[in-house]
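> Structure provided below as structure tokens; questions to follow.
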Amino acid sequence: MNTAPAHQILHPANWKPAVGYANGVIASGRTLYVGGQIGWNGDQSFESDDFVDQIHQALTNIVEVLQEAGAGPEHLVRLTWYVVDKREYLARLKEVGAAYREVLGKHFPAMTMVQVADLIEDRAKVEIEATAVVPGE
């Protein structure tokens, strides 16, 4: 299987640079949809109630699902984040960025973040959905 990304980042020339995300991505190949991942492990057990730890775990969970399809972080084209506290996200942005880069590297797909009133799992502080495009053979 060809695992090289088959996508292009889209950024209008007259726009300010996007930092940590892409404004758009065009891709071709097999589309992989990853359901919302929260900060628990594969046994559905929370190892931490810390916001950044939960982000790290949710991103790790996404990578593990990608691997099931022979894909990796470089194939991500979109992430949708749901956080219960945008102030905590903004206050800990450097730590969030470090956790992101540790798990996903310096690949920044199109992203959306929304603050929500709550998530289904009471201990969850973040949920992240992902879409990836895996190049065809």
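> Quick check on this structure: which one of E68, E88, E74 is farther than 14 Å from V126 by Cβ, acidic (D, E) and surrounded by 13 or more Cβ atoms within 10 Å (Cβ to Cβ)?
Working: E68 fails: surrounded by 13 or more Cβ atoms within 10 Å (Cβ to Cβ); E88 fails: farther than 14 Å from V126 by Cβ.
The match here is E74.
> I need the full set of residues from segment 96-106 which are in contact (Cβ under 8 Å) with a residue 40 or more places away in the chain and either crowded, with 16+ Cβ neighbours inside 10 Å or under 23 Å from P135 (Cα atoms) (or both), in order please.
Passing the criteria: V96, A99, Y100, V103, L104.
> Among all residue pairs at least 6 apart or on different chains, which show Cβ distances below 7 Å where the first residue, located in segment 112-137, is of a type in the set (D, E) and the second is assigned to a loop (DSSP other than H, G, I, E, B)?
If the second residue must be assigned to a loop (DSSP other than H, G, I, E, B), the pairs left are D118/V84; E127/L119; E137/M1; E137/N2.
> Here is a further query. Regarding segment 118-134, can at least one residue be identified that is at pLDDT below 95 and loosely packed, with under 11 Cβ neighbours inside 10 Å?
No, that holds for no residue.
> Here is a further query. Is there a residue being among the hydroxyl-bearing types (S, T, Y), part of a strand (DSSP E or B) and under 15 Å from P109 (Cα atoms) anywhere in segment 20-31? Break it down into steps so the answer makes sense when it comes.
Here is the first cut: in segment 20-31, the ones among the hydroxyl-bearing types (S, T, Y) are 21, 28, 31.
Narrowing the set further to residues that are part of a strand (DSSP E or B) leaves 31.
When the remaining residues are screened for being under 15 Å from P109 (Cα atoms), the result is 31.
Yes - at least one qualifying residue is present in segment 20-31.
Here's the yes/no breakdown for (1) in contact with a strand residue (DSSP E or B) (Cβ under 8 Å, 6 or more places away or on another chain); (2) acidic (D, E); (3) modelled with pLDDT under 95; (4) under 22 Å from R101 (Cβ atoms):
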residue: V19; (1), (2), (3), (4): no, no, yes, yes
residue: Q37; (1), (2), (3), (4): yes, no, no, yes
residue: D43; (1), (2), (3), (4): no, yes, no, no
residue: Q54; (1), (2), (3), (4): yes, no, no, yes
residue: Q57; (1), (2), (3), (4): yes, no, no, yes
residue: N61; (1), (2), (3), (4): yes, no, no, yes
residue: L76; (1), (2), (3), (4): yes, no, no, yes
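> Are any residues in segment 92-104 touching a helix residue (DSSP H, G or I) at 6+ places or on another chain (Cβ under 9 Å) and more than 21 Å from T31 (Cβ to Cβ), and if so, which ones? Steps first, answer last, please.
Filtering segment 92-104 for residues touching a helix residue (DSSP H, G or I) at 6+ places or on another chain (Cβ under 9 Å) gives 92, 95-96, 98-100, 102-104.
Once the filter is applied, which keeps residues that are touching a helix residue (DSSP H, G or I) at 6+ places or on another chain (Cβ under 9 Å) and more than 21 Å from T31 (Cβ to Cβ), segment 92-104 yields R92, E95, V96, A98, A99, Y100, E102, V103.
> Kindly indicate whether any position in segment 66-87 is free of Cβ contacts under 8 Å to residues at least 12 places away in the same chain, farther than 25 Å from G136 by Cβ and outside any loop (DSSP other than H, G, I, E, B). First the steps, then the outcome.
So in segment 66-87, the residues free of Cβ contacts under 8 Å to residues at least 12 places away in the same chain come out as 67-68, 87.
Applying the additional criterion that residues be farther than 25 Å from G136 by Cβ yields 87.
Okay, now just the ones that are also outside any loop (DSSP other than H, G, I, E, B), so 87.
Yes: one or more hits.
> Take segment 114-128 and flag every residue that is closer than 14 Å to Q37 by Cα and either in contact with a helix residue (DSSP H, G or I) (Cβ under 9 Å, 6 or more places away or on another chain) or small (G, A, S) (or both).
Of everything in segment 114-128, those that are closer than 14 Å to Q37 by Cα and either in contact with a helix residue (DSSP H, G or I) (Cβ under 9 Å, 6 or more places away or on another chain) or small (G, A, S) (or both) turn out to be R123, A124, K125, V126, E127, I128.
> Please tell me if G70 is closer than 19 Å to T131 by Cβ and either of a type outside the set (S, T, N, Q) or modelled with pLDDT under 85 (or both).
Numbers: closer than 19 Å to T131 by Cβ: yes; either of a type outside the set (S, T, N, Q) or modelled with pLDDT under 85 (or both): yes.
Yes; evaluated as a whole, the condition is true for this residue.
> Please specify each residue of segment 73-101 satisfying the condition of being within 15 Å of D50 (Cβ to Cβ) and among the acidic types (D, E).
D85, E88, E95
> Working only within segment 24-35, note down all residues that are at negative phi, surrounded by 14 or more Cβ atoms within 10 Å (Cβ to Cβ) and at pLDDT below 90. Outline the logic, then answer.
Restricting attention to segment 24-35, the residues satisfying the condition of being at negative phi are 24-28, 30-35.
Next, only the ones that are surrounded by 14 or more Cβ atoms within 10 Å (Cβ to Cβ) stay: 24-25, 27, 30, 32, 34.
Within segment 24-35, G24, V25, A27 qualify.
The values are calculated or read from the model by the stated rules, or taken from the named source; none is laboratory data. Since the structure is predicted, the reported quantities are computational estimates derived from the model, not experimental observations. Cβ sites come from the backbone with ideal geometry, for glycine too, and all protein chains shown count toward neighbours.
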